[in-house]
Structures are given as structure tokens and as C-alpha cells.
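What follows is a single structure, written as C-alpha cells, with notes after it.
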Amino acid sequence: MKIQAINGFKDILPDSIGQWQYIEQTARDVFERFGMQEIRMPILEKTELFVRSIGAATDVVEKEMYTFGDKGITMRPEATASIMRAFIEHGLHVQQPVHRLYTIGPMFRHERPQKGRLRQFHQLDAEVIGAVEPRVDAELIAMGHMLLDELGLQVRLELNSLGCPVCRPPFKAQLIAFLEQKNEGLCDDCKRRTHTNPLRVLDCKKPACRVLVQEAPSLLDSLCPECDLHFGEVREALENLGIPFQINRFMVRGLDYYTRTTFEFLTTDLGAQAAVGAGGRYDGLIEQLGGPAISGIGFAMGLERIALLMEQQDANKLPASTMDVFLVALGGNTLAPCSQLAHALRKQGAKVAIDYSSRSLKAQLKQASRVNARYALIVGEDEWARGEGILRNMKTQEQQSFALTGSSDEQGLRLIEALNIAIQ
Ligand code: HAM
């Protein structure tokens, strides 16, 4: 029996790698324009880190974590908690007041796999730590917007505020009272959530719950003056940067650490998986994890969802990967000099393919087209004896003879010159 990958865990095949690298490279490029620095953390963390940050009553912690053995160790379900752990552990706040950090890597959640939802997925995660100003919120959101825009994607930005430890508890009490009145009509999950995590009822996807919560009180009407001011200034700062958004007073997010600004980049093109990226402020999190009392804001985007959406929306056509030269060695005594030439060319920075099987010219030229070679250098026994090869432009099929004299390094340099291969 063939062994297959585990359900929800996917290979990323060479055909898709160009797209993945393009997304990652565009992200690095955009993030670095905003002064972000990369950080890489381990995949395994102490379980307690996620319980204390994401929250014990969240779906992620309750049902979706890959936790091992004595339950002390968990495969990270997201990156924010790990970045905060590393930030605190290494005392980064002592070095400078504001840190802008990003990471790209795999995350693990034991969810029911479907299109755009995996058990191992990849996030582009960006965090700004140590800044409270609403303009920082707007700038971070604008960075996410710029990235999606440069990838050629059309998405909708939704915005909400989740208040703070001053205004949220009284609102929660008000919401619980409302939900208790409507208890009959709620789904079983929401009946339970009414007391464990009442805010989550607001974004239940079940039609009956959606109807009921239309009349629910809104946290936006209960914000304390500081949170209200902050939210107003974030909206103004976004308008100032020309970033379109909609307010969604039902957005609550699935992780408990959020305060004030929350946002999601959404699409209707990925079926049930509407969120391409999401994030928000987490002003109490660092202190709660034993660090200094400083605030933070960040977001994460799902790489699989971005890749799917690019296909769906027929976004930016990627440049096809190409080889500069395909060396066609035809016959026993041409193999050694051709392999030397290939090595010299690669040392000089060219992308070179070579076939050592001495297959027919026709078969090798077919292979050269398959790997998108721009040129083929055909070296048969007769040509080699005369100290030359035939250089073929794979696009126009024009051919000319090419002198193969001197050392392989000299041949390589001349060939590069002749082909004008731009060496990085
Ligand atoms: P999140 O909303 O749980 O937030 O995930 C962020 C993004 O990761 C989602 O919008 C989605 O694109 C992708 N994603 C999540 N789960 C899956 C999955 N099972 N399969 C495929 N893609 C998925 C966070 O993780 C927060 N740490 C974001 C954040 C950073 N907040 C502040 N800083």
C-alpha cells in the first residue's frame, strides 16, 4: 500500500513553488519597506503559552491544538504568542521602544480540512510592538492592504473595536442578559457560549443565530471614551491613507487577546473560508505573559488562501521559471567537456540544465522546451572534434555555430556574453 500524506497536511509541489516564493518575496519586500525585521521561532512551544494568550475557552485552545504526551508541548497554532514569548524572553524592549517584527512559516490546527482550510497551513505574520498611537494601527492595516494589492488581489477590509478591560466587562454583562432572553432560539454551541464566551455568539454563522444577534447590543455603543477616541482616530487615519474599509460591529475574532482595533481582509471568492488575513491590537497580552506593560498590534495572512485567491481572481501572472541554457551533449566524448562547461557556467551565475543520458537530439530538445530553456547548446561528436557547438535560440529556432575553444571558464564567459544572460 502506498503511504500518503496525513489528511489536512499538503505537499507544495515544484509547480506551485514559483507562486509561493513570489508571495513570500513580495511580502518580505513590502514588510521591509515598513521597517519590519524578520524573526524565526521554534514550532514547538509550551502549551501554557497558548492557553494564557489565545485563551482557554477559544476553539483553537479547546479543540484544535496538536498537544503531545504529557500535554506540556504544543505545535504552534499561530505566531503571535510565540513572537511575544521570544520578545519577552530576550528582553527586546530594552533595546528600542518600538519593534516591528514579521515571520513566515507553518502553523498547526486540528480543524476539519476543506478548501482553504488545512491542518498545517502557513502564515505571513506581522507585529508592531510598543506603540499605542492609532496611526500605527492604520499604517499596519495599510501595509496588509498594500501587500494584497501588489499581489493583484481584490479583498474587502472590515474593521471593529473590541474595547478594553474597562468597557468590555459591562458590555459582556449586557450581552449575556440579552442572550439569556433569546436562549431558546440559539444553536447548541451558542447556548453554551452565552456564558463561556458570549462575544463569539455575535459571529456565529448559523442562520438562526445571525437573525437573533441583529438586535443584540453593540460594543461600539459601549466603548469607553478612550477606546471610542482611539477607534475614531484609526478610521480617520485610514481615510487619510486612502484605505477603504467597512465597519462590522459583529466581528469578534477567535482569539481572546484582542483589545480595541480588530480587522479582517475578506473575500467572497473562497467559499466558506472568507478571511484571507486578520488581526488586531492586543494591549494587555505582553504584560499578561510576564513582560512589560506595553501594547502591540499585528495581523496574519494565510499563504494557502492567498495562493488560491490569486488563481481564482486570475491575479498577477507569474513569470514562468526559465533555464538560461540547456547543454545537449551527444555522444560519449562530449559528456566530460559539457559537464565542465555546465559547472563553469553555473559558477558564473547562469541557470544550466544538462542531460547525461546521451538521448537523441530530438528528445533532448523536447526536454529543453519543457524546462523553458532560452537557448540550447548542441555539442555532437563532430562539432566537438572541430572545437565548436551549435547554439540554438529555443524561441526563434535560429541556430549559429559557437566556438568551444580555451578553458571551460573561458567558454562559459564567452557564452554568457553571447547570450547576454543577466547574472545577478
Ligand atoms: P487568525 O484569524 O486565527 O489570526 O488567522 C489568520 C489567518 O490565517 C486567517 O485569516 C487565514 O487566512 C489563515 N488561517 C487560519 N487558520 C487556517 C487554516 N486552518 N487553514 C488555512 N489558513 C488558515 C491569527 O492567527 C492571529 N495570530 C493574527 C494576529 C497577528 N493577530 C495579531 N497579530
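Some observations on this one:
- Any hit, region 349-363, residues being in contact (Cβ under 8 Å) with a residue 60 or more places away in the chain and not basic (Lys, Arg): yes
- Unmet requirement for LYS71, which otherwise passes all of (1) of a type outside the set (A, V, I, L, M); (2) open to solvent by 60 Å² or more (accessible area, probe 1.4 Å); (3) closer than 27 Å to GLU133 by Cβ: (3)
- Residues within region 281-299 that are assigned to a strand (DSSP E or B) and of a type in the set (Gly, Ala, Ser), tallied: 2
- Condition check for ARG281: in contact with a strand residue (DSSP E or B) (Cβ under 9 Å, 6 or more places away or on another chain), within 10 Å of the ligand (Cβ to nearest atom) and open to solvent by less than 10 Å² (accessible area, probe 1.4 Å): yes
- Here ARG235 clears all of (1) within 24 Å of VAL155 (Cα to Cα); (2) buried (at least 16 other Cβ atoms within 10 Å of the Cβ); (3) within 16 Å of the ligand (Cβ to nearest atom) except the condition numbered (3).
- Filter result for LEU229 (open to solvent by less than 20 Å² (accessible area, probe 1.4 Å) and either closer than 24 Å to CYS164 by Cβ or within 14 Å of the ligand (Cβ to nearest atom) (or both)): no
- The lone criterion from (1) away from the ligand (no atom under 11 Å from the Cβ); (2) open to solvent by 30 Å² or more (accessible area, probe 1.4 Å) left unmet by ILE286 is number (2).
- Top-ranked residue of region 190-207 - restricted to ones that are over 17 Å from ASP256 (Cβ atoms) and among the charged types (D, E, K, R), ranked as nearest to the chain's Cα centre (by Cα): LYS205
- Search result, residues across region 390-424 that are over 21 Å from LEU361 (Cα atoms) and surrounded by fewer than 12 Cβ atoms within 10 Å (Cβ to Cβ): THR405, SER407, GLU417, ASN420, ALA422, ILE423, GLN424
- Subset of region 86-105 that is among the aliphatic types (A, V, I, L, M) and part of a helix (DSSP H, G or I) - its residue that is least open to solvent (accessible area, probe 1.4 Å): ALA86
- In region 254-278, the residues that are within 9 Å of the ligand (Cβ to nearest atom) and either open to solvent by 40 Å² or more (accessible area, probe 1.4 Å) or acidic (Asp, Glu) (or both): GLU264
- One residue stands out among those in region 41-65 that are open to solvent by 50 Å² or more (accessible area, probe 1.4 Å) and at pLDDT 95 or above: the one that is farthest from GLY254 (Cα to Cα), which is PRO42.
- Any hit, region 74-84, residues being out of contact with any Pro (no Cβ under 7 Å at 6 or more places or on another chain), more than 13 Å from the ligand (Cβ to nearest atom), open to solvent by less than 40 Å² (accessible area, probe 1.4 Å) and not aromatic (Phe, Trp, Tyr): yes
- Residue in region 254-264 that is in a loop (DSSP other than H, G, I, E, B) and over 20 Å from THR58 (Cβ atoms) present: no
- Qualifying positions in region 112-123 - near the ligand (Cβ under 9 Å from one of its atoms) and touching a Leu at 6+ places or on another chain (Cβ under 8 Å): GLY116, PHE121, HIS122, GLN123
- Residue check: ILE243 meets all listed conditions (1) of a type in the set (A, V, I, L, M, F, W, C); (2) more than 12 Å from the ligand (Cβ to nearest atom); (3) at pLDDT 95 or above; (4) not in a loop (DSSP other than H, G, I, E, B) but one, namely (4).
- Checked against the criterion of being within 12 Å of the ligand (Cβ to nearest atom), farther than 26 Å from GLU24 by Cβ and of a type in the set (Val, Ile, Thr), the candidates VAL51, VAL61, VAL94 yield just one match: VAL61.
- Of the helices (runs of 4 or more DSSP H) entirely within region 300-385, those holding at least 2 residues that are open to solvent by less than 70 Å² (accessible area, probe 1.4 Å) and out of contact with any Cys (no Cβ under 9 Å at 6 or more places or on another chain) occupy 303-312, 332-347, 361-370.
- Test result for GLY254, touching a Lys or Arg at 6+ places or on another chain (Cβ under 8 Å), in the same structural domain as GLY116 (by TED's automatic domain parsing), on the phi > 0 side of the Ramachandran plot and modelled with pLDDT under 95: no
- Tabulated pairs, region 168-189, first without any contact (Cβ under 8 Å) to a residue 24 or more places away in the chain and open to solvent by less than 60 Å² (accessible area, probe 1.4 Å), second in a helix (DSSP H, G or I) and among the hydrophobic types (A, V, I, L, M, F, W, C), C-beta under 8 angstrom, 6+ apart or interchain: CYS187/ALA208; CYS187/CYS209
The values are calculated or read from the model by the stated rules, or taken from the named source; none is laboratory data. Only a predicted model underlies this, so the values are computations on that prediction, with no experimental measurement involved. So basically every Cβ, Gly included, is an ideal-geometry build from the backbone, and we count neighbours across all protein chains shown. The protein model used for the area step is the full one, side chains on, heavy atoms only, and it has no ligands, DNA or RNA in it. Shrake-Rupley method; radii C 1.70, N 1.55, O 1.52, S 1.80 Å.
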